[in-house]
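Right, one structure below, let's go through it.
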Amino acid sequence: MAGPSTPPPNPFTPLSIEHESTVSRVAAEVRRAIFEGDLESGTPLREVALAESLGVSRPTVREALTVLVAEGLATREPHRGVMVATPRAESVRDVCRARLVLEGAGVRAWPAADDVRRARVRATLDAYTAAVRSGEATYEELNERHLSFHVSLVELTGVARLVQMAEALMDELRLALAQVERINRNAHDEAGSHEGLVALLEADRIDGDDGAHAFLRRHIADAEVEIIEALGLE
């Protein structure tokens, strides 16, 4: 006579929503502190101090810091631990030049883009300008909406891989842009510049010295200089 069968192991037993949400909350709080300027570039992110401050375990902090390192907001160095990332001038230049290639392709694709992609550009612009003019948005929210607008330009190409490349570039630029907006408090000026670019697109003025592509080129070139100077990277 056969004995009682053993139930198959549950593959989901190791999962823990509570643990994962705690890691996410810790990462979100440190991320907020970085964007708001409470933690400057180069600040060491000590596990013990963070765990005590946030009332969580060191392993939870360690996992949260791994998330921030993956996002490019923090760096991990041998024998030094994890610290808030410090943008480098050459990296800023490289990212801005790559952005011009990708976003420029999107601008040139405007005439052939479908209504959905065009509407996405307008929607991300409206979301960004509304956040700026509300006066209540955090620097993190402003940064996210700002970068979403630039990714929407690349989405005009309809090429998923180009969009993925753009998102990766924005991740590299996220911290630098946030610091510049916080230091210079220039989000309002940025909103106006973006509205000028979309106005040219919606008027189908793409080429020429006064067209959208030239406007974008000047915008990105100005951003490159502003980031490097504001953060003292040279």
- line: In the chain, taking the dipole from +1 charges on Lys and Arg beta carbons and -1 charges on Asp and Glu beta carbons about the Cα centre, the listed residue (MET170, VAL26, THR60) farthest towards the positive end is THR60
task: For every helix of n ≥ 4 consecutive DSSP H residues, a contribution of -39,500 (n - 2.57) applies; sum these over the chain, divide by its total residues, and give [θ] at 222 nm rounded to the nearest 500 deg cm²/dmol.
output: -23000 deg cm²/dmol
message: Can you give me the accessible area per residue for the stretch 27-127, using a 1.4 Å probe, in Å²?
response: 51 Å²
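Under the 0.36 nm per residue contour assumption, what length would be gained going from the current alpha-carbon distance of ARG46 and ALA119 to full extension? Don't skip to the answer; put the middle values down first.
Numbers: separation 73, 0.36 × 73 = 26.28 nm, distance 4.43 nm.
That pair, ARG46 and ALA119, stretches by 21.9 nm at full extension.
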- request: Beta carbons within 10 angstrom, averaged per residue: use that to sort the peptides 205-218, 27-40, highest first.
  value: 27-40, 205-218
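Just need the relative contact order of the stretch 14-83 here, percent rounded to a whole number, with Cα pairs under 8 Å and 6+ apart. It would help to have the intermediate numbers written out before the result.
Values: 50 pairs, mean separation 25.7, N = 70.
It comes to 37 percent, rounded to a whole number.
On the accessible surface of the chain, probed at 1.4 Å, how many percent belong to carbon and sulfur atoms? Intermediate values should be presented prior to the final figure.
On the way: 6780 of 12590 Å².
On the chain, the fraction of accessible area on carbon and sulfur atoms equals 54 percent.
Taking all pairs of distinct Cα atoms, average 1/r, flip it, and tell me the Kirkwood hydrodynamic radius of the stretch 160-232 in Å to one decimal place.
Details: mean 1/r = 0.0737 Å⁻¹.
About 13.6 Å, per the Kirkwood formula over Cα pairs.
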- prompt: Once you charge only the Cβ atoms, +1 for Lys and Arg and -1 for Asp and Glu, what is the size of the charge dipole of the chain about its Cα centre, to the nearest 20 debye?
  reply: 540 debye
statement: Contour minus Cα-Cα span, ARG97 to ALA130, at 0.36 nm per residue, comes to 9.1 nm
Extent along principal axes [Cα atoms of the chain; Å; largest to smallest]: 83, 53, 35
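For a distance above 13 Å, tell me the whole-number percent of Cα pairs in the stretch 190-234 that qualify. Present the calculation step by step, with values, prior to reporting the outcome.
Values: 567 of 990 pairs.
So the pairs more than 13 Å apart make up 57 percent of the total in the stretch 190-234.
Using only the C-alpha atoms of the stretch 34-171, find the volume of their convex hull and express it per residue in Å³. Please list the in-between numbers first.
Details: hull volume 19.3 nm³, N = 138.
So the per-residue Cα hull volume is 140 Å³.
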task: Treat each spin label as a single point 7 Å out from the Cα along the C-beta direction, and report the ALA112 to ASP204 distance in nm.
output: 1.6 nm
- prompt: If contacts are Cα pairs under 8 angstrom and at least 6 residues apart, what is the relative contact order of the chain in percent?
  reply: 22 percent
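The values are calculated or read from the model by the stated rules, or taken from the named source; none is laboratory data. Computed from a predicted structure; not experimentally measured. Cβ coordinates were reconstructed from backbone atoms using ideal geometry, including for glycine residues, and neighbour counts include every protein chain displayed. All accessible areas refer to the heavy atoms of the entire protein, side chains included, with ligands and DNA or RNA removed. Shrake-Rupley method; radii C 1.70, N 1.55, O 1.52, S 1.80 Å.
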